[in-house]
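Here, each number is a calculation from the coordinates, and none is a lab measurement. As the structure is a computational prediction, the values presented were derived from the model and not from experiment. In this analysis, Cβ positions are derived from the backbone assuming ideal geometry, glycine residues included, and neighbour counts consider all displayed protein chains.
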Amino acid sequence: MGQSQMFARPAVLVVEDEPLLRMMAVDLVEDAGFEAIEAANADEAIKILECRSDIRVVFTDIDMPGSMDGLLLAAAVRDRWPPIEIILTSGHVHISEVEVPLGGVFFSKPYDHSALTQTLQSMATIEGH
Amino acid sequence: MAVRGVRRGLESTVTSERDDDTRRLEALALYEIMDTPPEPEFDDIVLLASELCQTPVAMVSLLETERQWFKARIGFDLPETPISQSVCAHALKSTGLLIIPDLTADPRTSENRLVTEPPHIRFYAGAPLIAPDGVTIGTLCVIDSQVRPEGLSLTQKKSLLALARQVVVLLEMRRNSSRKDDLFRRQKRISSEVRAIAASSIAAQEAGGIGTFDIDVATGRMKISAEGCRIFRLPVQDEYPANIIYDFILAEDRHLPSADKTRAEGTALLEAEYRISTPSEGVRWIARRASFHHDSDGRPVRMVGTLQDITEQRAAQARMQAMIELGDVLRDMEDVQQAAFDAAELMARALGASRAGFGMVDPVAETVLMHRDWRAPGVDTLEGLHHFRDYGSFIEDLRRGETVLIGDVTTDPRTRDHCQTLLDIGIRVLVNVPIFDKGQFNLVVFVHYDEPHDWKQREIDFVRSVGDRLQAGIGRLLAEQDQDILNRELSHRLKNTLSIVQAIATQTLRAVPDRGPIESFEKRLQALSSAHDVLIHRNWTGAAISDLVTDTLDRIGMLERAQISGPAIFIGPKATQSVMLLLHELATNAVKYGGLSNGSGKVRVSWDVAGSVDQVQLTFTWKESGGPPVTEPTQRGFGSRLIRMGLLGTGNVDIRYEATGIEVVMRASLSHLQEAG
């Protein structure tokens with residue numbers, strides 16, 4: 001709205017169906033210096049992506065109810081918004097069983113906050129160049 | 001201290017061990033058994049042992065000083081191995097079974113080349129062969145290429161011990177009968193009673209279905225015993241032309257018997273097995289053993305030998321073989337449909353059937369969808385949907401879980417009214433084995449013959465036994481699949497719960513300015529979660545210590561600064577979780593204050609086992625070096641308290657604050673560490 005693009009913090013879309021976990025993820029994203037945008041499922045995330053162009057990173061849980069899980073969402077993001085970075089997380093699947101989309105990063109739940117923060121920051125830096 | 005005590009104990013037993021060696025070698029020499037050719041009685045025992053214990057390998061292993069030699073073996077290529085590679089050697093000291101569920105985890109065998117290199121043996125069970133005077137001369141052992149945490153069942157243990165006693169009985173019998181042979185030969189040379197003895201011997205042979213023959217090479221005339229005539233289905237008379245057997249031998253086996261030329265040259269096969277066709281009993285298998293008698297110039301003049309109808313033995317062997325292969329199929333199966341097809345094929349081959357396969361059953365519609373089937377040449381497939389009621393009423397028996405065996409569809413009351421439908425699709429004889437999943441009849445395995453078949457009781461037993469084992473095996477597979485899904489679901493829920501705990505803690509402690517404790521907490525949760533990952537990957541059976549150490553140091557990015565060494569040892573699921581937390585604390589401390597807190601320090605992690613068979617102790621050492629000088633902390637936090645609790649939470653921890661770095665030595669009983677719960 002009134003704010004200048006120059007000072008806007010990069011935006012991270014947090015997609016997580018479990019409210020407590022979403023709350024924690026949002027805090028983490030904000031503490032890392034980003035604007036956090038929340039979505040409770042993949043359909044909501046797609047709607048947000050369709051009307052916002054400032055999202056740099058999608059940070060999504062894999063196991064979610066609804067028509068799309070996190071992997072399908074990641075595939076859609078890779079397909080429709082190729083520049084957006086993808087971070088996947090799950091308590092269900094192991095990294096060896098996940099087909100992480102090109103350039104995507106996977107964190108097993110419960111995830112390491114400092115490692116995730118570093119990943120977010122390096123993604124935003126690379127994006128900035 | 002414990003280690004030194006054990007070594008001293010070993011030394012004191014050296015003398016008596018040497019005595020045992022001598023007595024064992026003497027006993028083996030008396031049996032005159034070493035390096036003798038295979039004998040069927042011993043081969044049968046290893047076949048039975050392997051079948052009973054469901055292992056690919058079974059052996060009668062006899063131990064000399066430098067080698068173990070196998071009198072009989074199945075599934076193992078080498079006729080002998082050096083004693084250094086012998087697992088059996090460990091079984092000699094005991095009068096009971098030695099069972100090692102995981103050879104890689106047992107300090108006695110983890111370095112054995114048969115374990116570390118191909119054939120990569122994993123499971124061993126051996127029953128000692130104890131001679132009547134109490135000397136153990138070797139073992140009857142079974143070996144698997146897969147770890148078997150469950151070991152052997154009580155029945156298998158009892159059977160293996162019983163078979164081991166049987167081996168000794170055979171060795172004794174063999175020794176006695178070879179003495180008799182000597183006597184017999186000497187008598188033959190000096191006595192006029194030769195004929196009588198020979199006659200009685202022939203009578204004994206005939207009782208056992210063995211015929212004798214004596215061919216005059218020059219004339220081609222064959223003297224043949226009455227049993228010999230019966231074996232070839234010839235009218236009993238003293239003499240026939242030797243080549244008469246060519247009248248009924250199968251074309252593809254014609255090269256196997258002797259002929260005029262090969263007899264004259266003395267090149268005929270001395271042992272041959274060939275098939276003849278008989279008018280009333282179909283194809284029969286004949287075993288013929290012979291030797292040549294030569295004249296003073298060394299030319300063959302007579303070919304004499306024995307004949308035996310081995311059709312039943314071959315069928316029995318085929319069934320036994322099928323049972324053994326079925327064991328493999330059931331053990332290795334990952335897919336119910338493949339296992340059902342393989343089992344059906346095994347049954348069909350062993351029984352000489354014309355078609356076999358399986359179908360998925362719809363018990364409500366009473367239909368069966370036949371999948372691809374195994375067929376003898378020229379037999380049509382039954383793939384596709386069939387209605388049970390089109391073929392008779394035997395579905396009633398299948399529903400009750402009974403194996404259906406219809407000897408002749410034209411006479412059996414369950415099918416005779418529908419027999420033409422069955423005959424049209426090439427079914428004269430029918431076997432159906434129902435398989436149930438969660439109480440529901442949903443799969444049927446079948447075997448068909450297109451010709452009448454004269455069922456022997458042994459064949460019927462075989463079919464039922466295959467059916468029972470297939471039912472049990474598939475049932476087990478389905479249960480395992482359910483368990484696997486359940487494990488994954490539990491893992492998912494637990495990890496989600498851990499994440500929520502993490503979220504609550506983060507939120508609750510958000511206002512606390514010191515982030516240290518919350519970070520420690522978060523990392524401990526992750527260590528616990530990692531332990532869970534390692535465990536779920538091994539189906540909750542336990543974890544290798546090296547995996548836990550590597551995982552921990554990798555998680556903190558310090559793997560390249562660690563030197564990790566120790567034997568491959570697995571610990572149980574309960575210990576895995578506590579050891580993982582412990583390792584996490586050690587690693588965290590090292591990064592914060594110790595050897596890993598600067599750019600150059602290192603950590604050495606090592607473990608080893610020592611002690612007697614039933615009291616093996618694991619010693620685990622964490623030694624840091626090159627870090628800043630360390631001092632004993634004045635306050636004890638959660639981390640150092642956890643470390644002091646040790647591997648099993650019961651202490652036995654030595655912590656030394658050396659100038660060069662901290663050294664932590666922990667000890668615990670290996671068997672406690674390996675407990676499942």
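Tabulated values for the structure
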| quantity | calculated |
| --- | --- |
| Cα shape, region B:312-368, gyration tensor, a/c 1.5 rule | oblate |
| Förster radius 51 Å - calculated FRET efficiency between B:ARG458 and B:GLN563, Cβ distance, rounded to 0.05 | 0.25 |
| Cα gyration tensor shape of the protein assembly as shown, rounded if a/c is under 1.5, else prolate or oblate by comparing a/b with b/c | oblate |
| Axial C-alpha extent at least 27 Å, average Kyte-Doolittle at least 1.0 - helices from chain B (DSSP) | none |
| Expected 222 nm ellipticity per residue - DSSP helices of 4 or more, -39500 (n - 2.57), all of chain B, to 500 | -13500 deg cm²/dmol |
| Interchain or long-range residues, amide H under 5 Å from B:ARG122's placed H | B:ASP144, B:SER145, B:GLN146 |
| Where labels lie 7 Å past Cα in the beta-carbon direction, separation of B:ASP362 and B:TYR593 in nm | 7.2 nm |
| ³J(HN,Hα), Karplus 6.51/-1.76/1.60, whole Hz, each residue of region B:255-272, x for Gly, Pro | 7, 8, x, 6, 10, 3, 5, 5, 6, 4, 7, x, 9, 4, 4, 7, 10, 9 |
| Normalised contact order of region B:20-180, rounded percent, pairs of Cα under 8 Å and 6 or more residues apart | 25 percent |
| Loop sites in region B:234-286: trypsin sites (Lys or Arg not before Pro), DSSP, at most 12 other Cβ within 10 Å | B:ARG254 |
| Cβ-derived FRET efficiency at R0 45 Å, B:ALA472 paired with B:LYS93, nearest 0.05 | 0.80 |
| In order through region B:136-150: 3J(HN,Hα) via Karplus (6.51 cos²θ - 1.76 cosθ + 1.60), integer Hz, x for Gly, Pro | 8, 9, x, 9, 9, 10, 10, 9, 10, 8, 10, 4, 10, x, 7 |
| Hz values of 3J(HN,Hα) by residue in region B:66-80 - Karplus curve (6.51, -1.76, 1.60), Gly and Pro given as x | 9, 8, 10, 10, 9, 5, 8, 7, 9, x, 9, 6, 7, x, 7 |
| Formal net charge of residues neighbouring B:ALA218 (Cβ-Cβ distance under 15 Å; K, R +1; D, E -1) | -1 |
| Label-point separation, B:ASP260 to B:THR278 (7 Å along Cα→Cβ), nm | 3.0 nm |
| Qualifying lysines (Cα of each under 22 Å from Cα of B:LYS223; at least 8 residues distant if same chain) | B:LYS188, B:LYS261 |
| Equivalent ellipsoid dimensions for chain B as semi-axes, Å, which come from the Cα gyration tensor, largest first | 63, 39, 18 |
| Computed E for B:ASP608/B:ASP44 - FRET, C-beta separation, R0 35 angstrom, nearest 0.05 | 0.20 |
| Nonlocal amide H pairs with B:PHE232, under 5 Å, H built at 1.01 Å | none |
| Residues of type lysines that B:LYS158 reaches as a straight line, Cα spacing below 23 Å, ignoring anything fewer than 8 places off in the same chain | B:LYS71, B:LYS93 |
| Relative contact order [Cα under 8 Å, 6+ residues apart], chain B, whole percent | 7 percent |
| Inter-label distance, nm, simple model (7 Å from Cα along the C-beta direction), B:ARG488/B:THR411 | 5.3 nm |
| Charge context of B:GLU366, other residues only, Cβ under 11 angstrom, K/R +1, D/E -1 | -1 |
| Relative contact order of region B:519-673, defined on C-alpha pairs under 8 angstrom at six or more residues apart (%) | 21 percent |
